[in-house]
Amino acid sequence: MKVLITGANGQLGRELTKQYKEKSNIELILTDVADLDITDVKTVYEFVNEHKPEVIINCAAHTAVDKCETDVDMAYKINTIGPKNLASAANTIGAEIVQVSTDYVFDGEVDKELTEFDEVNPQTVYGKTKLEGERVVSKLNPKHYIVRTAWLYGDGNNFVKTMIKLSETNKTLKVVNDQKGSPTSTVDLARVMSKLGA
């Protein structure tokens, strides 16, 4: 089976690569922004038609939440147009798409664990563009999965590593206390995600 991973150099992309390399029946096609501009529809169609993956896992995203607020066009291109291009191209060759999304599609106002059945109400440009990405993927390709993640930690920079590093040099840590989340291991998430698809 051929699997295309976009955003392969990110935390989740790297872990998915490790997980898939352990499987003998997988041919991996790994891309990052330098290899494939997912915002360019012509480039995406050509790439997908040339490589003909059976599954596309889109880990590519503009995840800098604060920067998305000031660079709305870039956030929209990467988080909405990119998934649209990938889902459409995948559909033309009968491939499945796994769209990685975020808990930022919710407003964070409820005091309970959220599920996929809870109402979405993004409050940030990042959340809004990721939700639109989900919607275009589900509209354009019936063979799709949406995976909403939160607080990823693994190989790379992340909140958990930052807290560990700060705790080594500070007796007391000051951290915002108005957020709730589920720290998610990229190892665990990739293990589950590698079971999705064809």
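In this structure, is Ala90 modelled with pLDDT of 95 or more, of a type outside the set (Phe, Trp, Tyr) and farther than 21 Å from Val192 by Cα?
Working: modelled with pLDDT of 95 or more: yes; of a type outside the set (Phe, Trp, Tyr): yes; farther than 21 Å from Val192 by Cα: yes.
For Ala90, the condition - modelled with pLDDT of 95 or more, of a type outside the set (Phe, Trp, Tyr) and farther than 21 Å from Val192 by Cα - is met.
Asn79 versus (1) without any contact (Cβ under 8 Å) to a residue 40 or more places away in the chain; (2) closer than 28 Å to Lys128 by Cβ: which is the lone unmet condition?
(1)
Being closer than 17 Å to Asn9 by Cα, in a loop (DSSP other than H, G, I, E, B) and either at pLDDT 95 or above or not hydroxyl-bearing (Ser, Thr, Tyr) (or both), is that true of even one residue in the range 46-59? Lay out the reasoning, then the answer.
First pass over the range 46-59, keeping only residues closer than 17 Å to Asn9 by Cα: 56-59.
Now drop any that are not in a loop (DSSP other than H, G, I, E, B), which leaves 59.
Still in the running and either at pLDDT 95 or above or not hydroxyl-bearing (Ser, Thr, Tyr) (or both): 59.
Yes, the range 46-59 contains at least one residue that is closer than 17 Å to Asn9 by Cα, in a loop (DSSP other than H, G, I, E, B) and either at pLDDT 95 or above or not hydroxyl-bearing (Ser, Thr, Tyr) (or both).
Kindly list the number of the only condition in (1) in a loop (DSSP other than H, G, I, E, B); (2) at pLDDT below 85; (3) not hydroxyl-bearing (Ser, Thr, Tyr) that fails for Val160.
Every listed condition holds for Val160 apart from (1).
What pairs come up if the first residue lies in the range 103-120 and is over 15 Å from Val147 (Cβ atoms), the second is assigned to a loop (DSSP other than H, G, I, E, B) and of a type outside the set (A, V, I, L, M, F, W, C), and their beta carbons are under 6 Å apart, counting only those six or more places apart or on different chains?
Asp107/Asn121; Asp107/Gln123
Within the range 81-126, how many residues turn out to be in a helix (DSSP H, G or I) and surrounded by fewer than 21 Cβ atoms within 10 Å (Cβ to Cβ)?
Here is the first cut: in the range 81-126, the residues in a helix (DSSP H, G or I) are 81-92, 103-105, 125-126.
Of the ones still in play, those that are also surrounded by fewer than 21 Cβ atoms within 10 Å (Cβ to Cβ) are 81, 88, 91-92, 103.
So the count comes out to 5.
Being closer than 28 Å to Pro53 by Cβ and either in contact with a Ser or Thr (Cβ under 8 Å, 6 or more places away or on another chain) or free of Cβ contacts under 8 Å to residues at least 24 places away in the same chain (or both), is that true of even one residue in the range 156-167?
No - not one qualifying residue is present in the range 156-167.
How many of the residues in the range 29-41 are surrounded by 17 or more Cβ atoms within 10 Å (Cβ to Cβ) and under 26 Å from Asp188 (Cα atoms)?
Counting residues in the range 29-41 that are surrounded by 17 or more Cβ atoms within 10 Å (Cβ to Cβ) and under 26 Å from Asp188 (Cα atoms) gives 3.
Sort out which residues of the range 163-191 are under 20 Å from Cys59 (Cα atoms), of a type in the set (A, V, I, L, M) and assigned to a loop (DSSP other than H, G, I, E, B), and write them in order of number.
none
Before we move on, is Ala61 small (Gly, Ala, Ser) and over 17 Å from the mean Cα position of the chain (by Cα)? Please lay out each step first, then the result.
Working: small (Gly, Ala, Ser): yes; over 17 Å from the mean Cα position of the chain (by Cα): no.
No, not satisfied.
Hey, does the range 36-45 have a residue that's touching a Gly at 6+ places or on another chain (Cβ under 9 Å), without any contact (Cβ under 8 Å) to a residue 40 or more places away in the chain and under 15 Å from Pro83 (Cβ atoms)?
Within the range 36-45, one or more residues are touching a Gly at 6+ places or on another chain (Cβ under 9 Å), without any contact (Cβ under 8 Å) to a residue 40 or more places away in the chain and under 15 Å from Pro83 (Cβ atoms).
Testing Lys130 on (1) part of a loop (DSSP other than H, G, I, E, B); (2) buried (at least 16 other Cβ atoms within 10 Å of the Cβ), one condition comes back false. Which one is that?
The single condition Lys130 does not satisfy is (1).
Can you confirm whether the range 143-151 contains a residue that is among the basic types (Lys, Arg), under 15 Å from the mean Cα position of the chain (by Cα), modelled with pLDDT of 90 or more and in a strand (DSSP E or B)?
Taking the range 143-151 and keeping what is among the basic types (Lys, Arg), we get 143, 148.
Next, from what is left, pick out any that are under 15 Å from the mean Cα position of the chain (by Cα): 148.
Next, only the ones that are modelled with pLDDT of 90 or more stay: 148.
So of that shortlist, the ones also in a strand (DSSP E or B) come out as 148.
Scanning the range 143-151, I find at least one residue that is among the basic types (Lys, Arg), under 15 Å from the mean Cα position of the chain (by Cα), modelled with pLDDT of 90 or more and in a strand (DSSP E or B), so the answer is yes.
The values are calculated or read from the model by the stated rules, or taken from the named source; none is laboratory data. Every value quoted in this text rests on a predicted model; they were computed, and no experiment measured them. No Cβ is skipped: glycine too gets one built from the backbone with ideal geometry, and neighbour counts run over all protein chains shown.
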